[in-house]
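Each remark here refers to the structure printed beneath this line.
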Amino acid sequence: MAASTNSFLVGNNTQIPAFKPKSTSQSLLHLNKPNTVNFAGKTKPVAVRCVASTTQVEDGVKSGSVGSQERVFNFAAGPATLPENVLLKAQADLYNWRGSGMSVMEMSHRGKEFLSIIQKAESDLRQLLEIPQEYSVLFLQGGATTQFAALPLNLCKSDDTVDFVVTGSWGDKAVKEAKKYCKTNVIWSGKSEKYTKVPSFEELEQTLDAKYLHICANETIHGVEFKDYPVPKNPDGFLVADMSSNFCSKPVDVSKFGVIYGGAQKNVGPSGVTIVIIRKDLIGNARDITPVMLDYKIHDENSSLYNTPPCFGIYMCGLVFEDLLEQGGLKEVEKKNQRKADLLYNAIEESKGFFRCPVEKSVRSLMNVPFTLEKSELEAEFIKEAAKEKMVQLKGHRSVGGMRASIYNAMPLAGVEKLVAFMKDFQAKHA
């Protein structure tokens with residue numbers, strides 16, 4: 001007897017109906033009844049053999065459409081929303097990647113299957129950012145926070161000075177960690193003005209022999225973004241940037257930097273992957289005390305495979321890179337991001353003070369939009385009511401309060417349009 005895609009075969013070739021999921025979140029291989037079946041009025045335990053089915057969910061609605069109906073607009077700062085088509089692609093390949101007979105999560109990181117994944121991910125990233133050949137791309141772990149220590153351990157000696165421009169909380173944390181391994185000089189800090197601006201580069205008093213100049217290109221918490229980049233005054237120095245929250249959101253001239261680094265969990269993948277783009281001549285100078293897992297030379301020589309890497313996370317990043325290329329590259333992506341940001345910032349400005357963004361207009365982030373309410377006592381209600389409308393994670397960072405909408409690459413225009421409409425409606429009710 002041949003089983004249909006709507007039944008399971010049990011003992012004695014008896015067919016019983018398969019469980020029909022109401023949503024894609026319920027497994028197609030799940031039974032909603034105990035593993036028993038009625039034979040001639042008697043209930044007996046049976047061995048159940050699942051027949052895999054690729055049947056679409058109810059009413060012939062394609063899974064992508066169902067996903068859109070079920071998913072919320074997630075404005076979280078990271079881990080953050082991912083492109084829906086990427087998630088569906090990963091879902092389709094989860095059980096058996098391209099006929100390999102195994103999931104990416106089960107592959108040997110030294111096998112040909114995963115090697116093809118990580119090599120293509122690097123190739124696509126190089127194409128997206130037009131990374132010169134004299135730069136290495138490393139897929140690491142530990143988040144950008146681990147790089148706060150790895151950078152001085154690899155790039156300078158204990159008596160070398162590193163300059164920092166601090167435009168927010170993450171830049172401040174980078175300084176505090178670097179102090180353990182080198183001399184630090186904060187040449188500008190926006191803390192006294194609650195991190196709402198970027199300094200004029202001409203006013204920066206750089207250390208003439210600074211080993212490198214460090215910036216955080218986009219401050220996730222405070223919503224401050226560099227629109228251009230300072231140039232180190234030391235001719236032998238170089239610029240280092242934490243780009244965690246605006247990585248691959250726009251074109252970047254990689255050649256202006258000695259090192260670009262960032263966590264993937266905001267714009268290009270799930271948490272667990274850290275990407276480092278480093279000029280090759282800066283590799284190989286790690287101090288003796290540098291832990292092996294923080295030594296760039298080790299990872300470069302082993303093509304990011306010194307130990308088991310975050311395989312599935314790298315695979316997901318690769319899918320995101322493919323998606324960004326299919327959109328036309330980072331120039332097109334930037335246009336979309338600018339349109340979303342303009343829509344949201346304009347709504348804030350047009351509210352006549354009901355909503356307020358504290359950041360100086362010229363350096364407002366395209367990725368993270370912090371805002372407050374004129375009547376701060378309404379903020380909790382705003383967040384609660386927005387969640388009812390399936391717009392979540394709008395609460396500001398615990399250190400600053402208020403609200404924050406993170407509108408990364410994967411946030412669709414429809415999400416921002418819905419948020420703006422909700423803001424206008426909320427103001428009408430409470431102004």
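When only alpha-carbon atoms are used, what values of Rg and Dmax, in angstrom, describe region 296-431?
Cα radius of gyration and Dmax of region 296-431 are 18.8, 61 Å respectively.
Going down the list LYS331/LYS361; LYS120/LYS280; LYS183/LYS336; LYS120/LYS390; LYS120/LYS250, which pairs span over 32 Å between their C-alpha atoms?
LYS183/LYS336; LYS120/LYS390, as the Cα separations exceed 32 Å there.
How high is the FRET efficiency between LYS191 and SER100 when r is their beta carbon distance and R₀ equals 41 Å, given to the nearest 0.05?
Computed FRET efficiency for LYS191 and SER100 comes out at 0.20.
What do you reckon, how do GLU326, GLU225 stack up by accessible area (1.4 Å probe), largest on top?
Descending order: GLU326, GLU225.
Treating cross-link reach as a plain straight distance, find the aspartates and glutamates whose alpha-carbon is under 15 Å from the alpha-carbon of LYS233, omitting any fewer than eight places away in the same chain.
ASP163, GLU202, GLU203, GLU205, ASP209
What is the spin-label model distance, in nm, from GLU113 to GLU84 if the labels are put 7 Å beyond Cα along the C-beta direction?
2.9
Roughly how much of TRP188 is accessible, in Å² to the nearest 10, using a 1.4 Å probe?
40
Quick check for you: with a 1.4 Å probe and neighbouring chains kept, what is the accessible area per residue of region 207-346, in Å²?
37
I'd like to know how region 97-160 sits against the 2.2 N^0.38 Å rule of thumb: what's its Cα Rg over that expected value?
Rg over 2.2 N^0.38 Å, computed on Cα atoms: 1.53.
Taking the Cα of ALA431, stepping 7 Å toward and past its beta carbon, and measuring to each backbone N in region 330-356: which are under 18 Å?
Taking a point 7 Å out along Cα→Cβ of ALA431, the residues of region 330-356 whose backbone N falls under 18 Å are 344-356.
Calculated FRET efficiency, ASN302 and ASP209, Cβ-Cβ r, R0 41 Å, to nearest 0.05?
Working from the Cβ atoms, E equals 0.80.
Please report the accessible area of ASP300 (heavy atoms, 1.4 Å probe, ligands and nucleic acids excluded) in Å², nearest 10.
50
Over region 73-210, what number does the Rg to Rh ratio reach, with both radii from the alpha-carbon atoms and Rh per Kirkwood?
The Rg/Rh ratio comes out at 1.08.
Under the rule a/c < 1.5 gives rounded, and otherwise a/b versus b/c splits prolate from oblate, where does region 146-263 land using the Cα gyration tensor?
Cα axes put region 146-263 in the rounded bin.
Between GLU326 and THR145, what is the label-point separation in nm under the 7 Å Cα-to-beta-carbon projection?
Once both label points are built, they end up 3.4 nm from each other.
Hey, how much of the P(r) for region 223-375 falls beyond 27 Å, as a percent of Cα pairs?
37
The values are calculated or read from the model by the stated rules, or taken from the named source; none is laboratory data. Since this is a predicted model, take the numbers as computed values, not measurements. Cβ: placed from backbone, ideal geometry, glycine included. Neighbour counts: every protein chain shown. Ligands, DNA and RNA are excluded from the accessible area calculation, which covers all protein heavy atoms including side chains. Shrake-Rupley method; radii C 1.70, N 1.55, O 1.52, S 1.80 Å.
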